[in-house]
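Enquirer: Have a look at this one before I ask anything.
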Amino acid sequence: MIIKSKTLGEVIRELRDVKDLSLRDLAGKVDVSAPFLSDVEHGRRYPSDAKLEKIAEVLGTSFSDLKK
């Protein structure tokens with residue numbers, strides 16, 4: 001049996017849903033564009049460590065948890 005781990009984008013999307021934040025809301029809070037954040041959630045782009053730290057802070061998780 002193979003267990004697929006979640007991508008960074010899937011984790012961000014789930015945490016964003018739990019916090020009831022729209023894509024635009026989260027993008028505004030971390031100072032990135034909504035299209036950029038959408039690309040991150042779809043695995044087309046990867047945020048810098050500084051942006052990932054801010055995303056983690058806003059979503060109430062740790063940077064290291066998102067880095068996994």
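The values are calculated or read from the model by the stated rules, or taken from the named source; none is laboratory data. Just so you know, these numbers come straight off a predicted model, no measurement behind them. These area figures cover heavy atoms from the full protein model, side chains too; ligands, DNA and RNA do not enter into them. Shrake-Rupley method; radii C 1.70, N 1.55, O 1.52, S 1.80 Å.
Enquirer: Could you grab the relative contact order for the chain? Cα pairs under 8 Å, six or more apart, rounded to a whole percent.
Expert: Details: 51 pairs, mean separation 23.3, N = 68.
In percent, rounded to a whole number, it is 34.
Enquirer: Compute, for LEU15, the solvent-accessible surface of its heavy atoms (probe 1.4 Å) with the complete set of protein chains present, and express it in square angstrom to the nearest 10.
Expert: Counting only protein heavy atoms, LEU15 exposes about 50 Å² to solvent.
Enquirer: Now a separate question. What whole-number value in cubic angstrom gives the convex hull volume per residue for the C-alpha atoms of the chain?
Expert: On the way: hull volume 5.8 nm³, N = 68.
Dividing the Cα hull volume of the chain by its residues yields 86 Å³.
Enquirer: So, one more: At 0.36 nm per residue, minus the direct Cα-Cα distance, what do LEU21 and SER38 gain on full extension? Give it in nm, one decimal, please.
Expert: Stretched fully, the LEU21-SER38 segment lengthens by 4.8 nm.
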